[in-house]
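Just below is one structure, and these are the notes that go with it.
Laboratory data are not the source of any read-out in this text; all were calculated from the coordinates shown. Note that the structure is predicted; figures quoted are calculated from it, not measured. Every residue, glycine among them, receives a Cβ derived from its backbone with ideal geometry; neighbour counts consider all protein chains shown.
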Amino acid sequence: MRVILGSSSSAIVTAQTDRYDRRTESKPKHKPSSNHSVSKLSSSSSSSSTVSSSIPTVNTYQAPLLSAVPWDLTSDHRYCADLASKLAEDGRLQDFAMIVESVVVSGGNASKFVSMLCVELVSCGIVRSLREGRIECVVEVLEKVDKLGVAPLKLFDGCGMKLLRNECRRIVDSGEVEKFVDLAEVLAGFQFPIKELGNSSHIVQFCVDKRDANLAIRYACTVPHAHVLFCIIIREFGKKRDLMSALTAYEASRKYLSSPNMYICRTIIDTCGMCGDYMKSRFIYEDLLCQNITLNIYVFNSLMNVNAHDLKFTLEVSMVSWRIWTSYNILLKACCLAGRTDLAQEIYREVKHLESKGVLKLDVFTYSTIVKVFTDAKLWQMALKVKEDMQSADVTPNTITWSSLINACANAGLVEKALHLFEEMLQAGYAPNSQCCNILLQACVEACQYDRAFRLFWSWKQSPTQEISGEDYDGNYNRISSVDHKDKQCATDTPKFVLNSPHSSFVKSFPFKPTTTTYNILMKACGTDYYRVKALMDEMRTVGLSPNHISWSILIDTCGESGNIKGALQILKIMRADGVSPDVVAYTTAIKVCVKRKELKLAFSLFEEMKQYQIQANLVCAQDLLSVNDV
DNA sequence: TTAGGGTTAG
């Protein structure tokens, strides 16, 4: 038999006719006796089954007609509480909620009702409803009992909480994050541990992917560690280059949190830098100053770092803030960016002096930065001197330091020295990454040591892949694991390996992953041998790399230089068909080929074609065309 | 918190 419960149209229940008590069609003649032992809110001794069997007089199938009788539910708190408890136990949470609501509305003695309510039965009902996926009913009950002054959290035992967690996880996993946040807001109001109900980074990531700053903010406000989530939200929006959303989250955090949080301040400043809006970082800084907020050194450092390209500003900030060693490192970076080798050296001397007095300790960051300063200034001897300084100070160079030192020599055209450092790096147990290898290859090519570049490349390719401690395949911060190489084909075992050091037989090999740039450098090393260049481009594809516009430009150049103008022009077309639109360099290369071969008409037609594609000619292109007059 | 690096036309 199907019965609709009173005015609550949502409460549709199905009852078996044989269990339906016809006596309830009129005012209940039977009321529960007042002496049965119902476990109360304050009681925790009775199990739910015991409690359930202890109220035999209440038949919940009476409920369908409760609203139809002229009977004040709240007049008998005992009966009312027992019935409500039993309805809850049967999973009829909406009916339960209706009774609770009527208690609240009637203004009756709610505390008396509460004292007689069986919390274990209600808990059972909640568990049952959660198992049936009726979270909305549960929320309705929580809201109702809260009005009665019952803490909703008390209705959740371990099982209930576990089911709630599972339901929340299901909601989030099915992409209904907004629904989860709605729920989290309600539950947070009832002091539920929101952090345990969902994977916060997963939820934040979802909001960020959807570019929904407000949803992310609403979620952050439901957890006790809101400041941590605000940081994550700001940073994640920064990674998406969505500064507007990051700023929205920052402003929301300022309003929500009682005091400014330095982690958040630092994060928003870092994010401004990440998004390329350093001026915004200054506005934020000035705004904080205007409000007389005391900033810590980390905020100052972030501000200096984001504005490192502006040496004047960075120095000004460094004057008003405390300095710790990281501040000096950032100042060195600012000097480096400004090309102020003199000032960098002055700072380097100052920090070394402070170190000798025990005020601070130079770290690997300081040394690596100063190596870069000297590299940029082509002062390779000074860069190598830093390596000695490190040894004296007992600071171990890491992958970045080694790469920087190698670059210092490579930049100065010192192939031998660069290779020697490379070997030292391997012996020290550091694995070079692709860029480091490319630096060496480029150094060889610049020095016209083409064969050497190829021999290096082949030897790296042939070296057995080894386990590297850590996950980062790029080799950053990774040490080569101490594998016994005697039984392995070591890099030096290959006949074409070029290192001549007496120690080279002990050099460990490393996982080498060529990049498009690697192949481009090698293509340049082929000179005018078009077929060799072409073969390298094919190899590039076979190892899963795609030629970029630089690869194509080199191919055009080589083809043209070998005298095949038609072929060069054909490549320009193939390049476009391959999905790489020719840029000004590709066109200029082709134009140069035509000009050299006195194909002036072709050169100008290419120039016209370039304009049709709305590619802006630059000085190099113009010079090539102007050189027509010299032909 | 902070540090590094590669390729094309001229």
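What is the stretch A:554-631 by shape, rounded, prolate or oblate, if you read a ≥ b ≥ c off the alpha carbon gyration tensor as root eigenvalues and call it rounded for a/c under 1.5, prolate for a/b larger than b/c, and oblate otherwise? Each step should come with its number before you reach the end.
Working: a/c = 1.86, a/b = 1.16, b/c = 1.60.
Since a/c reaches 1.5 but b/c is at least a/b, the shape of the stretch A:554-631 is classed as oblate.
Please state the charge dipole magnitude for the stretch A:358-471, taken about the Cα centre, from unit charges on C-beta atoms (+1 on K and R, -1 on D and E), reported in debye and rounded to the nearest 20. Numbers along the way, then the final one.
Values: 9 positive and 12 negative charges, 51 e Å.
The dipole of the stretch A:358-471 has a size of about 240 debye.
Which order do A:SER509, A:SER392 fall in if you start with the one that has the fewest other Cβ atoms within 10 Å? Write out the running numbers ahead of the final one.
Details: A:SER509 25, A:SER392 7.
Ascending Cβ contact count within 10 Å gives the list A:SER392, A:SER509.
At 0.36 nm per residue, minus the direct Cα-Cα distance, what do A:ALA447 and A:GLU316 gain on full extension? Give it in nm, one decimal, please.
Numbers: separation 131, 0.36 × 131 = 47.16 nm, distance 4.32 nm.
This chain segment gains 42.8 nm when fully extended.
Based on the alpha-carbon gyration tensor of the stretch A:324-444 and its eigenvalue square roots a ≥ b ≥ c, which shape applies: rounded if a/c is under 1.5, prolate if not and a/b is larger than b/c, or oblate? The partial results should precede the final answer.
On the way: a/c = 2.18, a/b = 1.54, b/c = 1.42.
Prolate, since a/c reaches 1.5 and a/b exceeds b/c.
What full-extension length gain, to one decimal in nm, is calculated for A:LEU148 and A:ASN166 as 0.36 nm per residue of separation minus the Cα-Cα distance? Before the final figure, lay out each step's value.
On the way: separation 18, 0.36 × 18 = 6.48 nm, distance 2.76 nm.
Contour length minus Cα-Cα distance gives 3.7 nm.
Sort A:SER546, A:SER245, A:SER258 so the one with the fewest other Cβ atoms within 10 Å of its own Cβ comes first.
Details: A:SER546 11, A:SER245 22, A:SER258 5.
In order of increasing Cβ crowding within 10 Å: A:SER258, A:SER546, A:SER245.
Within 10 Å of each candidate Cβ there may be at most 15 other Cβ atoms; applying that plus a DSSP loop requirement, which GluC sites (Glu not before Pro) in the stretch A:371-462 survive?
On the way: sites: A:GLU388, A:GLU416, A:GLU423, A:GLU424, A:GLU446; in loops: none.
Those that pass, being in a loop and sparsely packed, number zero.
Can you bin the stretch A:143-283 into rounded, prolate or oblate? Criterion: square roots of the alpha carbon gyration tensor eigenvalues sorted a ≥ b ≥ c, rounded for a/c under 1.5, prolate for a/b above b/c, oblate for the rest. List each step's numbers first, then the result.
Numbers: a/c = 2.99, a/b = 1.96, b/c = 1.53.
In terms of gyration-tensor shape, prolate.
Could you tell me the distance between the Cα centroids of the stretch A:99-170 and the stretch A:431-466, to the nearest Å?
69 Å
So how much slack lies between A:GLU388 and A:THR542, counting 0.36 nm per residue of separation and subtracting their Cα-Cα distance, in nm? Each step should come with its number before you reach the end.
Details: separation 154, 0.36 × 154 = 55.44 nm, distance 4.35 nm.
Net length gain for the segment: 51.1 nm.
Rounded to whole Hz and in sequence order, give me ³J(HN,Hα) for the stretch A:195-204 from the Karplus expression 6.51 cos²θ - 1.76 cosθ + 1.60, θ = phi - 60°, writing x for Gly and Pro.
With coefficients 6.51, -1.76 and 1.60, one gets 4, 7, 8, x, 6, 4, 5, 5, 5, 4 Hz.
May I ask you to derive the FRET efficiency for A:MET279 and A:SER258 from their Cβ-Cβ distance with R0 = 22 Å, giving the value to the nearest 0.05? Spell out each step's value before the answer.
Numbers: r = 29 Å, r/R0 = 1.32.
Working from the Cβ atoms, E equals 0.15.
Expressed as a whole number of Å, what is the distance separating the alpha-carbon centroids of the stretch A:507-569 and the stretch A:214-241?
After rounding, the separation between the Cα centres reads 46 Å.
For a quick check: sort A:PHE422, A:PHE237 by the number of other beta carbons within 10 angstrom, fewest at the front. Could you put the intermediate results ahead of the total?
Working: A:PHE422 25, A:PHE237 28.
By the 10 Å Cβ count, ascending, the order reads A:PHE422, A:PHE237.
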